[in-house]
Amino acid sequence: MKTYQYIAIVTLLITGCKVIEPNPTARINFTAEDSYPEGIAFDSTRSVYYVSSARLGTIGKVTPAGAYSVLYSDKTLKSTYGMKIHPDGKRLYVCAGDANYSKFTNPATRTKEARLLIIDLASGRKLSDIDLSGLKPGKHFPNDLTFDAAGNAYITDSFAHTVYKVNPSGQASVFGSSDKLITEGIGINGIAYHAGGFLLLDNSATGMIYKMNISDPNNVQVVKTDQFFLGADGLLLNAPNKLTVVVNGGNDKIFQLESADNWQSAKLAATTLIADRFTYPATATLNRSNVWVMNARFNELVDSNAVPAKNFAIQHAVFKPIPKPKN
């Protein structure tokens, strides 16, 4: 019997029959030459995805059919990164700076600029441009943001290892800057607000998840996990006990963690597959209950032989549950 099976396999190989390979998950492909989008936010009211641009600074929008157009751009922008729609559904908040990949970088702004843009979604007009760079000395990389229930925005600065707060009136301040967050290079990155009164942060360099108390931001605790997530980028809180972590820099997978103790600790619950072939995934957004991820393709920006990309993809993240250990 084994002999016949062996012959059959060899015959298939010789005759050139295709080996069936798993396909990656669904993608929304769009053309935005040399933009290298990093941030993403889905607008359920207008049924459109907003995307940033680490290379050009342009803020664009993408329809579910893959049509790209510019929402906002101006000559002062170097790079735009994380973005979120305000809870009122009318405004888009965008992290803007000049950290690494901008086509328009210059010595006056590189690692010095930190801005929070507020864009009116109905008109595409800029409502506010808040300077964060004077809040703390040193290098800056405004990377991602989230909102609390009162409409306050919290912004991570990956080079200053700090979380800023911008209240509904537009007043900015340093919110949290614990020594636990300090690391070499890009540090704290993704951020998510939990209704329990705390922020969840990840750190690209250490792969750790942190819990920062809203009422006492100096109270920062490491969330105990069963593994580190080196290259952690965007965070997305799917439910009070479920967190999506986007990881890039070689791993290029999306993980989901679950916590049973209010995020003192968390267990790996599910992950995407290598076969899904994410290409430097950066941030994630929810479209109803589905997680969609921005493939930033930043690996090309450190390759001197790479031709600037024209095409990019927003990809559906489908999670495979991790089997629970048997007692």
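The values are calculated or read from the model by the stated rules, or taken from the named source; none is laboratory data. Here the structure is a predicted model, which is why all the values come from computation and not from measurement. Quick reminder, even Gly has a Cβ in these numbers, built from the backbone with ideal geometry, and neighbours come from all protein chains shown.
Might you check whether a residue that is of a type in the set (S, T, N, Q), modelled with pLDDT under 95 and either over 19 Å from VAL318 (Cβ atoms) or touching a His at 6+ places or on another chain (Cβ under 7 Å) (or both) occurs anywhere in the range 265-278?
no
Restricting attention to the range 157-179, does a residue exist that is at pLDDT 95 or above, of a type in the set (A, V, I, L, M, F, W, C), closer than 21 Å to ASP202 by Cα and surrounded by fewer than 16 Cβ atoms within 10 Å (Cβ to Cβ)? Talk me through it step by step, then tell me what you get.
The first filter runs over the range 157-179 and keeps only residues at pLDDT 95 or above, leaving 157-175.
This time we only want the ones that are of a type in the set (A, V, I, L, M, F, W, C), so: 159-160, 163, 166, 172, 174-175.
Add one more test, that the residue is closer than 21 Å to ASP202 by Cα, and what stays is 159-160, 163, 166, 174-175.
With the extra rule that they be surrounded by fewer than 16 Cβ atoms within 10 Å (Cβ to Cβ), the set shrinks to 174.
Yes; the residues of the range 157-179 include at least one that is at pLDDT 95 or above, of a type in the set (A, V, I, L, M, F, W, C), closer than 21 Å to ASP202 by Cα and surrounded by fewer than 16 Cβ atoms within 10 Å (Cβ to Cβ).
Could you grab me the full set of residues in the range 214-240 that are farther than 21 Å from LYS84 by Cβ and of a type in the set (S, T, N, Q)?
SER215, ASN218, ASN219, GLN221, THR225, GLN227 - these are the residues of the range 214-240 that are farther than 21 Å from LYS84 by Cβ and of a type in the set (S, T, N, Q).
Regarding GLY250, is this residue in contact with a helix residue (DSSP H, G or I) (Cβ under 9 Å, 6 or more places away or on another chain) and at pLDDT below 95?
yes
Is it the case that ILE322 is β-branched (Val, Ile, Thr), over 21 Å from ALA54 (Cα atoms) and exposed (fewer than 15 other Cβ atoms within 10 Å of the Cβ)?
No.
Any residue at all in the range 230-239 that's surrounded by fewer than 18 Cβ atoms within 10 Å (Cβ to Cβ), in contact (Cβ under 8 Å) with a residue 12 or more places away in the chain and of a type in the set (Gly, Ala, Ser)?
So far as the range 230-239 goes, no, none of its residues is surrounded by fewer than 18 Cβ atoms within 10 Å (Cβ to Cβ), in contact (Cβ under 8 Å) with a residue 12 or more places away in the chain and of a type in the set (Gly, Ala, Ser).
Name the strands (runs of 3 or more DSSP E) wholly inside the range 38-99 in which the number of residues that are modelled with pLDDT of 95 or more, farther than 19 Å from SER128 by Cα and more than 19 Å from the chain's Cα centre (by Cα) is 1 or more. Working first, answer last.
Working: elements: 40-43, 48-51, 59-62, 68-72, 79-85, 91-97.
Filter on the range 38-99 gives 68-72.
Any residue that is more than 22 Å from ASP34 (Cα to Cα) and out of contact with any helix residue (DSSP H, G or I) (no Cβ under 8 Å at 6 or more places or on another chain) - is there at least one of those in the range 296-308? Break it down into steps so the answer makes sense when it comes.
Kept after step one, since they are more than 22 Å from ASP34 (Cα to Cα), are these residues of the range 296-308: none.
No, every residue in the range 296-308 fails to be more than 22 Å from ASP34 (Cα to Cα) and out of contact with any helix residue (DSSP H, G or I) (no Cβ under 8 Å at 6 or more places or on another chain).
Can you work out which of the residues in the range 194-209 that are touching a strand residue (DSSP E or B) at 6+ places or on another chain (Cβ under 7 Å) and more than 14 Å from ASN262 (Cβ to Cβ) is surrounded by the fewest Cβ atoms within 10 Å (Cβ to Cβ)?
Filtering first and then ranking leaves GLY207.
If you go through the range 271-315, how many residues are of a type outside the set (A, V, I, L, M, F, W, C), surrounded by fewer than 17 Cβ atoms within 10 Å (Cβ to Cβ) and part of a strand (DSSP E or B)?
3
Hey, among the residues in the range 243-258 that are part of a loop (DSSP other than H, G, I, E, B) and without any contact (Cβ under 8 Å) to a residue 24 or more places away in the chain, which one's surrounded by the fewest Cβ atoms within 10 Å (Cβ to Cβ)?
Here the residue is GLY250.
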